[in-house]
1. Can you list the strands (runs of 3 or more DSSP E) found entirely within region 208-269 that contain at least 3 residues being within 19 Å of M339 (Cβ to Cβ) and either modelled with pLDDT of 95 or more or not aromatic (F, W, Y) (or both)?
2. Hey, among the residues in region 309-347 that are assigned to a loop (DSSP other than H, G, I, E, B) and at pLDDT 65 or above, which one's farthest from I260 (Cα to Cα)?
3. Quickly run through region 17-45 and pick out the residues that are part of a strand (DSSP E or B) and touching a residue at least 24 places away in the same chain (Cβ under 8 Å).
4. With the requirement that a residue be at positive phi and in contact with a strand residue (DSSP E or B) (Cβ under 8 Å, 6 or more places away or on another chain), what does region 76-115 give you?
5. Among the residues of region 270-280 satisfying the criterion of being at pLDDT 90 or above and buried (at least 20 other Cβ atoms within 10 Å of the Cβ), which is nearest to E237 (Cα to Cα)?
Amino acid sequence: MKAISKQSDKTYNLELFFEISADLLCIAGFDGYFKKVNPSLIKLLGYSENELLSKPINEFIYPEDREITSNYRGRIRSGTPLLNFENRYVTKKGETVWLSWTSMPVKDLNLVYAVAKNITHGKLLAEHRNLQLSKLTKSNSDLKQLTYSTSHDLRAPLGNLISILSILDISQGVDEEILNLLGLLKTSAEKMRVTLDKQIDTIKYSENITGNVEEIDISECLSTVTQSIQSLIKDTETNIETRLEEFGSILYNRSYLESIFLNLITNSIKYAKPNTSPQILIQTKKEDQYRQIIFSDNGIGFEMDKVKDKIFGFNQTFHKNKDSEGIGLYLVYNHIRAMGGTIQVESEVNEGTTFTITLTN
């Protein structure tokens, strides 16, 4: 009886682990159907357990990923484990989610035991960064072309003027006053060429960027961002509160503002306190002649004395979070600076963080 009781305890413990795990767990058959799914997977995809078990797995997979998934499924049937395989699924609401799978086949049972992690927010962030890098590369290329054109268009006539002044015969019939004026003209032209040589390659990228601005409804912009990471917000039970009474719109670069909100929100979720739902407050404030956007959370915070000079640096990380890449705040800082604004940080360990963005007039 004791042996039976111990076996029952083991079965119960495994079943309990399966049910309460935050990771996505499932058992699939070699026939391409789910045999068992845990509540986390059901919650993410939005289908009932019966719906998930009664249809081929392929029907839940993003259409463009079905072929490659089938190819890897063939490897599993041959007994090869599948590690860190990424593909997309479509939820019942029509949202696309990215999953990273580790699958272990048991050939004798014709079953596959699999665990997955939701990596959607990381994929969206990477996609946004790639888009920004692509835009930056194109803008940089356009700027170089502008520099070359400006250099040619300004230097050529200036050079011609200097040449004319050099070969002009002023030895006869020219009074002293005109001679002095021509000398001053030549000296000025030569100084202008030197100045042009120094300045033509220092055209500011920000001068090109600030022209691409529009009147943006802050609430609408936030809605666009939160919709793109809806699954992450839902899974982490994140609550986002807005107080936009003092002003609700700004003249800004739309892609920059979306990137700022995306990075700050995902950072707050990433660095939330354990077993605590992230609470985020976004509010607007008028301070003297300035306007500010204030972003606060209840996360694990920073030791400001240690990180205050590095917090916006490239590739700087301050926590042992495996997803930390040190890029998010770097992008936020540079987007704000490119638009002529400033950002300040206040934080205490386990007391959350507040970012104050002061907008240019």
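1. 214-217, 249-252
2. K310
3. The answer is L24, L25, C26, I27, A28, G29, Y33, K35.
4. Scanning region 76-115 gives G79, N84, N110.
5. P278
The values are calculated or read from the model by the stated rules, or taken from the named source; none is laboratory data. Note that the structure is a prediction, hence the values are computed from the model and not measured. Ideal geometry is used to build each Cβ from the backbone, glycine not excepted, and the neighbour counts take in all protein chains shown.
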